[in-house]
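Read through the structure below, which is laid out as structure tokens, and then see the notes.
Please treat every number below as a calculation from the coordinates, not as lab data. Treat the numbers as computed from the prediction; the structure is a model and nothing was measured. Please note: Cβ atoms are built from the backbone with ideal geometry, for glycine as well, and neighbour counts cover all protein chains shown.
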């Protein structure tokens, strides 16, 4: 163990259990498979965990958020998201050998390490990096002297968010390029993940509330019902998923049920925060845009088309929101392209707007 070997561990928040996984709001077999319904209703009670910083300590950074202490890859759930390990273990995966083959550059200044798996993916910023930064802001005396470590692979939109809304000055940072080098930090402060397999640490919710109230730009007109459309948007850094009949489904949601169609990538971050902070019902296919439910109020509900991962359910548990999934009537018409049955979708939305 790192702590046993003399690495400092500073507790930043006491151990608390995440909120229990909510039962799905629409449990009819016509809409959701029994497997996913039971996944929610039979999920074991989450175990408590604390939040602790590690360091200052020497580490090596490389690849998409990988961290080594000496020759040891830090792969426990305090530092590595649970969905990264399967990728590392996948037969033929080149992630580790590719990162280790890059030249190393030494950095002697004290660095604050907060970035992670998704430096080019908006949803990963929301669920991994933003909570870390909000936690660090509570302890300026502890972290104020450290320079944030920024990756040149970060998307421009992420750098803009960090600068405008997270208090990070790119001119006062330690930069490295994970695509071309490893970074050997003599002194690093490592922020922990605030979400684990069990769910989010409860501290995340008030941190998000305070952040959203200061950042969010309220929409010109109230829009309590949002349909999150992806359209032709595709991020090369994220899995490609396309809902072939999304336009038809969006038309149903708008014309019959009064949803506003939103395309998050066309909005500023402040506009996204403000829009979702006033929403009561959020509907759309699974993806980063739906993760904006993190800013929605208690009592809101998300209606998800498909169930690729439990991330949205964890957000609902944290925020005291409802969650519903349409997993039936979905057919794949070609690899990574699917469609949803319009009639079943319509009935699903009828049930969704009747929540609670």
- Item | Likely footprinting exposure, 59, 10, fewest C-beta neighbours within 10 Å first | 10, 59
- Once normalised by the length of the chain, the mean sequence separation of its alpha carbon contacts under 8 Å that are 6 or more apart gives a contact order in percent of 20
- Item | Cα principal axis extents for the chain, largest first, Å | 60, 44, 38
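Given an 8 Å cut-off on Cα distances and at least 6 residues of separation, report the relative contact order of the range 49-197 as a percent.
Details: 255 pairs, mean separation 64.1, N = 149.
Relative contact order for the range 49-197 comes out at 43 percent.
Kindly put 327, 346, 195 in sequence by how many other C-beta atoms sit within 10 Å of each C-beta, fewest to most. Intermediate values should be presented prior to the final figure.
Numbers: 327 17, 346 14, 195 21.
Least to most surrounded, the residues fall as 346, 327, 195.
At 222 nm, what helix-only mean residue ellipticity would the chain give, in deg cm²/dmol to the nearest 500, using -39500 (n - 2.57) for each DSSP H run of four or more? Before the final figure, lay out the partial values.
Values: 11 runs with 95 residues, N = 356.
So the calculated ellipticity at 222 nm is -7500 deg cm²/dmol.
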- Tilt relative to the chain, helix 204-215 - C-alpha long axis, 0 to 90 degrees, to 10: 80
- Any idea what the relative contact order of the range 215-353 is, in percent, if you count C-alpha pairs under 8 Å spaced at least 6 apart? 26
- Message: Using a 10 Å cut-off around each Cβ, can you sort 331, 205 from fewest to most neighbouring Cβ atoms?
- Response: 331, 205
- Which of the peptides 124-134, 284-294 is most tightly packed, and how do the rest follow, going by the mean number of other Cβ atoms within 10 Å of each residue? 284-294, 124-134
- Note on the structure: For the chain, the longest principal axis of the Cα atoms and the Cα long axis of helix 342-353 enclose an angle in degrees, to the nearest 10, of 80
- Using the reciprocal of the averaged 1/r over all distinct C-alpha pairs, how large is the Kirkwood radius of the range 49-197 in Å? 15.5
- Give me the angle, in degrees from 0 to 90, between the Cα long axis of helix 156-165 and the longest principal axis of the Cα atoms of the chain, rounded to the nearest 10. 80
